[in-house]
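First comes the structure, then the notes that go with it.
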Amino acid sequence: MITGITGQDGAYLSKLLLEKGYRTVGFLRRSASANVIGERLTRLGVLQDIEMVDGDLLDMPSMMAAVAEFEPDEIYNLGAQSFVATSWRQPHLTAQATGMGVLNVLETVRKMSPHTRVYQASSSEMYGLIQEPVQSEKTPFYPRSPYAVAKLFGHWMTVNYRESFGMHASSGILFNHESPLRGIEFVTRKITDGVARIHLGLAKEIRLGNLDATRDWGHAADYVRAMHLMLQQDVPDDYVIATGRTTSIREFCRMAFSCVDLDYAEYVKTDPKFMRPAEVDVLLGDPAKAKANLGWKPEITLEMLVAEMVYADIDRLKA
């Protein structure tokens, strides 16, 4: 069972699990946009192979009913309010969906299905104002947004339930991971969509915030492999999933524009309204534990990722 199944990670994880022969169930919050809700799953060609069950992370009885009906061996909790900028405008919703939603999943499993293995989607944003130049599982957290604070609640609750009740519950502290399925509101997709529009004569510039912030970017298809591997281990644990390479937004722009032989400096403008109230300047993960214990490593380079996103956006806009 996957919460957040219609998001980027949910789509790639569904494809992976179906390829491995899993019966895959999506825990789906219904909305008025039901006609577009499965768009990512459709693009990966898996929508018709997934069973959907109605529910909401904030409605624990619906989670309990779904677990009673399907008796899942594994639950991947990817559901959240996951856009950092929105978390300042909607801190209460973020705290509920991104924080308390985790508790509802854990409590449901504890009470109804203790054998079920749980994956919790933690985030590198929890490191925030970094306490070490390279972040590992032992690096102290210093969250810098309501989103990161809510993620930290969910992370520590997962650790607590694992240690208190012996549950097989693992957290993946995933650093930034992107793909052509990334939401348009995220900076990487905003850049690649903007490059495609400029290339096709549909726009003249891209307006961004802090170009000097750096992130450790990987491909979502690589990162969902790590999620699955965590739940196959005999002993649950927490893992940093990252590439070990950090790149600035400015350099990401340069790489994206170079795909269409343009100079980013002519088209990218800084706009104060896109600056965060509290910036996270640098994130750089150490995936050594995941490599040693899970046998995981990224296979798709940043250059490959950027090119894939740019060309996918060009194809989409042409269509």
Q: Kindly provide the set of residues from region 281-290 that are modelled with pLDDT under 95 and out of contact with any Pro (no Cβ under 9 Å at 6 or more places or on another chain), ordered by number.
A: Asp281, Leu283
Q) In region 71-87, which residue that is assigned to a helix (DSSP H, G or I) and touching a Lys or Arg at 6+ places or on another chain (Cβ under 8 Å) is nearest to Met1 (Cα to Cα)? A) Val84
**Q.** Set Leu47, Leu28: member being touching a residue at least 12 places away in the same chain (Cβ under 8 Å) and either touching an Asp or Glu at 6+ places or on another chain (Cβ under 7 Å) or not small (Gly, Ala, Ser) (or both)
**A.** Leu28
Q. Are any of the residues in region 263-273 in contact with a Cys (Cβ under 7 Å, 6 or more places away or on another chain), surrounded by 17 or more Cβ atoms within 10 Å (Cβ to Cβ), free of Cβ contacts under 8 Å to residues at least 24 places away in the same chain and of a type outside the set (Lys, Arg)?
A. yes
Q: Kindly establish whether Met60 is assigned by TED's automatic domain parsing to the domain that holds Ser164, surrounded by fewer than 19 Cβ atoms within 10 Å (Cβ to Cβ) and either within 21 Å of the chain's Cα centre (by Cα) or within 18 Å of Leu181 (Cα to Cα) (or both).
A: no
(Q) Among the listed residues Ser82, Ser122, Ser145, identify the single one that is assigned by TED's automatic domain parsing to the domain that holds Gly21, buried (at least 17 other Cβ atoms within 10 Å of the Cβ) and touching a His at 6+ places or on another chain (Cβ under 6 Å). (A) Ser122
Q | Any chance Ser171 is outside any helix (DSSP H, G or I) and polar (S, T, N, Q) | A | yes
Q | Residue count for region 70-79, restricted to those that are out of contact with any strand residue (DSSP E or B) (no Cβ under 7 Å at 6 or more places or on another chain) and crowded, with 17+ Cβ neighbours inside 10 Å | A | 0
Q. Filter region 128-142 for residues that are in contact with a Gly (Cβ under 9 Å, 6 or more places away or on another chain) and in contact (Cβ under 8 Å) with a residue 24 or more places away in the chain; which is surrounded by the most Cβ atoms within 10 Å (Cβ to Cβ)?
A. Gln135
**Q.** When residues of region 169-189 are limited to those that are among the charged types (D, E, K, R) and buried (at least 18 other Cβ atoms within 10 Å of the Cβ), the one modelled with the lowest pLDDT
**A.** Arg182
Q. Of the residues that make up region 218-225, is at least one surrounded by fewer than 21 Cβ atoms within 10 Å (Cβ to Cβ), part of a helix (DSSP H, G or I), assigned by TED's automatic domain parsing to the domain that holds Glu163 and acidic (Asp, Glu)?
A. yes
Q: State yes or no: is Val240 in a helix (DSSP H, G or I) and buried (at least 22 other Cβ atoms within 10 Å of the Cβ)?
A: no
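Yes/no matrix, rows are residues, columns are (1) in contact with a strand residue (DSSP E or B) (Cβ under 8 Å, 6 or more places away or on another chain); (2) assigned to a loop (DSSP other than H, G, I, E, B); (3) at pLDDT below 95:
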position: Ala278; (1), (2), (3): no, yes, yes
position: Ala292; (1), (2), (3): no, no, no
position: Lys297; (1), (2), (3): no, yes, no
position: Ile300; (1), (2), (3): yes, yes, no
position: Glu303; (1), (2), (3): no, no, no
position: Val306; (1), (2), (3): no, no, no
position: Val310; (1), (2), (3): no, no, no
position: Asp313; (1), (2), (3): no, no, no
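The values are calculated or read from the model by the stated rules, or taken from the named source; none is laboratory data. Computed from a predicted model, the values in this text were never measured in an experiment. Positions of Cβ are backbone-derived with ideal geometry, glycine not excepted, and every protein chain shown enters the neighbour counts.
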